[in-house]
1. Please indicate, with yes or no, whether at least one residue in region 3-13 is away from the ligand (no atom under 16 Å from the Cβ), under 16 Å from the mean Cα position of the chain (by Cα), among the hydrophobic types (A, V, I, L, M, F, W, C) and within 25 Å of residue 154 (Cα to Cα).
2. So, in region 71-101, of the ones that are under 20 Å from residue 130 (Cβ atoms) and charged (D, E, K, R), which residue ends up surrounded by the most Cβ atoms within 10 Å (Cβ to Cβ)?
3. Would region 113-128 turn up any residue that is of a type in the set (S, T, N, Q), surrounded by fewer than 14 Cβ atoms within 10 Å (Cβ to Cβ), without any contact (Cβ under 8 Å) to a residue 60 or more places away in the chain and within 14 Å of the ligand (Cβ to nearest atom)?
4. What pairs come out if I take residues in region 59-88 that are without any contact (Cβ under 8 Å) to a residue 12 or more places away in the chain and pair them with residues that are away from the ligand (no atom under 11 Å from the Cβ) and among the β-branched types (Val, Ile, Thr) whose C-beta lies under 9 Å away, six or more apart or interchain?
5. Provide a single number: the residues in region 56-105 that are among the hydrophobic types (A, V, I, L, M, F, W, C), away from the ligand (no atom under 16 Å from the Cβ) and more than 15 Å from residue 142 (Cα to Cα).
6. Among the residues of region 55-70, how many are over 13 Å from the mean Cα position of the chain (by Cα) and surrounded by fewer than 19 Cβ atoms within 10 Å (Cβ to Cβ)?
Amino acid sequence: MGEYSAGEQAYDARGLRVAIVVARFNDHVTSLLLEGAVATLAEHGVTGDDAPVYWVPGAFELPVVAKRLAESCELDAVVCLGAVIRGDTPHFDYVAGESAAGLSRVALDTGVPVVFGVLTTDNLAQALDRCGGAEGHKGVEAAATALETAALLRTLPPPRVARSSADRVRSSRSLPSRSLPSPKV
Ligand code: INI
């Protein structure tokens, strides 16, 4: 089992805004994840309007809400919390896989850190072990990951302004802009 490392480098979380999106499915687990995440943000001074919480029905709905929040330009990171428990249902693979893939896509498409704080376990006991039990606290870890990543991004050079693929083709061929012929009628 891998182990989370909080890192030794202090980071500056002042002024960061971090949203939490949390799934209601298995809320006896996700509410524990939420408690840990909220407490960790608060330890770094990120509270109140700077740490809004949004509930969604299940882990499958996390990406679409994370996307809207990330696109708002008002947030430095989004922490997504859920608990997908295998039980006897093949639904597990679809929900866990799509949730992970969707959240990763939102992060890369928007450039806003979107943290995967979704437990994917075989049973409830394993999930609870990860909410402050033998296997640590994934809500705490998710919030700390969001803060550290957002603080790091703040220190990096800004991205180039995105250019359309048409612009890129034009400049690589040294063609003047607006050089396309008019369509034949
Ligand atoms: N959602 C979860 O967050 N955890 C689960 O374990 C789960 N299972 O097992 O089905 C689950 N399903 C609901 C899913 O996230 C969506 O809310 C639903 O499919 C509607 O889109």
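Just so you know, all these numbers are worked out from the coordinates, no wet-lab data involved. Just so you know, these numbers come straight off a predicted model, no measurement behind them. Virtual Cβ from ideal backbone geometry, glycine too; neighbours counted across all protein chains shown.
1. Taking region 3-13 first, the residues away from the ligand (no atom under 16 Å from the Cβ) are 3-13.
Now restrict to residues that are under 16 Å from the mean Cα position of the chain (by Cα): none.
No, region 3-13 contains no residue that is away from the ligand (no atom under 16 Å from the Cβ), under 16 Å from the mean Cα position of the chain (by Cα), among the hydrophobic types (A, V, I, L, M, F, W, C) and within 25 Å of residue 154 (Cα to Cα).
2. Only one residue tops the list, namely 86.
3. Filtering region 113-128 down to residues of a type in the set (S, T, N, Q) leaves 120-121, 123, 126.
Add one more test, that the residue is surrounded by fewer than 14 Cβ atoms within 10 Å (Cβ to Cβ), and what stays is 123.
Cutting the leftovers down to without any contact (Cβ under 8 Å) to a residue 60 or more places away in the chain gives us 123.
Imposing the further condition that a residue be within 14 Å of the ligand (Cβ to nearest atom) reduces the set to 123.
Yes - at least one qualifying residue is present in region 113-128.
4. Every condition considered, the pairs that remain are 73/112.
5. Here is the first cut: in region 56-105, the residues among the hydrophobic types (A, V, I, L, M, F, W, C) are 56, 59-60, 62, 64-66, 69-70, 73, 75, 77-81, 83-85, 92, 95-96, 100-101, 103.
If we keep only those that are away from the ligand (no atom under 16 Å from the Cβ) as well, we get 69-70, 73, 75, 77-78.
After this cut, where a residue has to be more than 15 Å from residue 142 (Cα to Cα) as well, the list is 69-70, 73, 75.
So the answer is 4.
6. Count: 3.
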